[in-house]
Amino acid sequence: MKRTHALARSGFGFLRLSGHSVFRHRRSAIFLLAITLFAARAVFAQTGQNAVIHDTGGHTTNSPSFFDATQFGMTNDDPCKRILATFSDPGFPSTGATVDARGLSGTNTTLICSVNPIPSGAKGRLLLSSGTYLAQVPWVIQSDNFSIIGTGASGDTGNNNTIIQACASGQPNCGGVVFPSGNALIQMGTSAQTVMRSEIKELAVDCQDVPGVSGFQAVNAQEQTVVDLVRATGCRVAAFDIGVGDTNVQNGVALSNFDCRCPTQHAIAHQRTILIDRIYTIR
């Protein structure tokens, strides 16, 4: 599959772009080693937003800008419910923070996703693990300054890639739910809410040929919104719906580094693979 490098019309410019210590006494060396091991153990024993340590006057505390999603929601909730619980936690800053959901998958490569994990007003970054997320409803970015970042979009499986997949009729682990027709798997903005400075990158969507389903859709997105390093497969309506029906298309989404594949069981002539107001090819 040929990879295309392109840029949808946007309201902003888009560029491609010691020391050494000598121990004279074995006892000193052993003592310092013990301190080091104890400190390391203390750090790794932390819970909560424990990937980043914040130093406050000699005391280490959890970072106020990094939240580990494994510490929020109920342990038997699906990953999207736990991501939603993290963003919705009273301690989550209104100015935004990073939610690390990479630990939610464990050894699973198939992840149930029964809700939109992004609440209205959420700001920050969502880091997703590799795996296939079985989406029962659209993922909708509803505010400015929000990014979704996966682990890659180069393959057909979730072993090393992040794939958001539409639940199809009769599909296991979807609870009998079929992804709703007339929607995109990932949507930027709503009819009532414009988003700016938001980003989707390094992930794939799979519409699974579910009728009426698109891959990525910009409903109401303006300056500095970017879709980059992405892939879409099996979409009957459009892999990338960028700018069609968006009244703010003159300042719309920048699309670059993308792959798309039409459903194989339908003629190419019946597919509208990419719906874009205007596209510039970068050579």
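Read-outs throughout are calculated quantities, based only on the coordinates presented, and are distinct from any laboratory measurement. Since we're looking at a predicted model, the values are computed, not measured. Note that we place each Cβ from the backbone using ideal geometry, even for glycine, and neighbour counts take in every protein chain shown.
Just rank V213, V230, V219, V253, fewest to most, by other beta-carbon atoms within 10 angstrom.
Exposure proxy ranking, most exposed first: V219, V230, V213, V253.
For a label point 7 Å from the Cα of Q193 along Cα→C-beta, name the residues of the stretch 126-156 whose backbone N is under 19 Å from it.
So the set is 126-127, 136-149.
In 10 Å bins starting at zero, report the fraction of Cα pairs in the stretch 168-245 per bin as a rounded %.
P(r) for the stretch 168-245, in whole percents per bin: 19, 47, 28, 6, 0.
Fewest to most neighbouring Cβ within 10 Å: what's the order for M196, M188, M74?
Final ranking by Cβ density, sparse to dense: M74, M196, M188.
Name the residues whose placed amide hydrogens come within less than 5 Å of the amide hydrogen of A97, ignoring near sequence neighbours (fewer than 5 apart) on the same chain.
Those qualifying (amide H under 5 Å, at least 5 residues apart or on another chain) are K123, G124, R125.
What list of ³J(HN,Hα) couplings, whole Hz, do you get for the stretch 81-97 from phi and the Karplus terms 6.51, -1.76, 1.60, once you set θ to phi - 60° and write x for glycine and proline?
Ordered by residue, 3J(HN,Hα) equals 5, 6, 5, 4, 5, 5, 5, 8, 4, x, x, 6, x, 5, 7, x, 6 Hz.
The stretch 96-239: D in µm²/s via Stokes-Einstein (Kirkwood Rh, Cα pairs, 4 °C, 1.567 mPa s)?
Translational D for this selection: 87 µm²/s.
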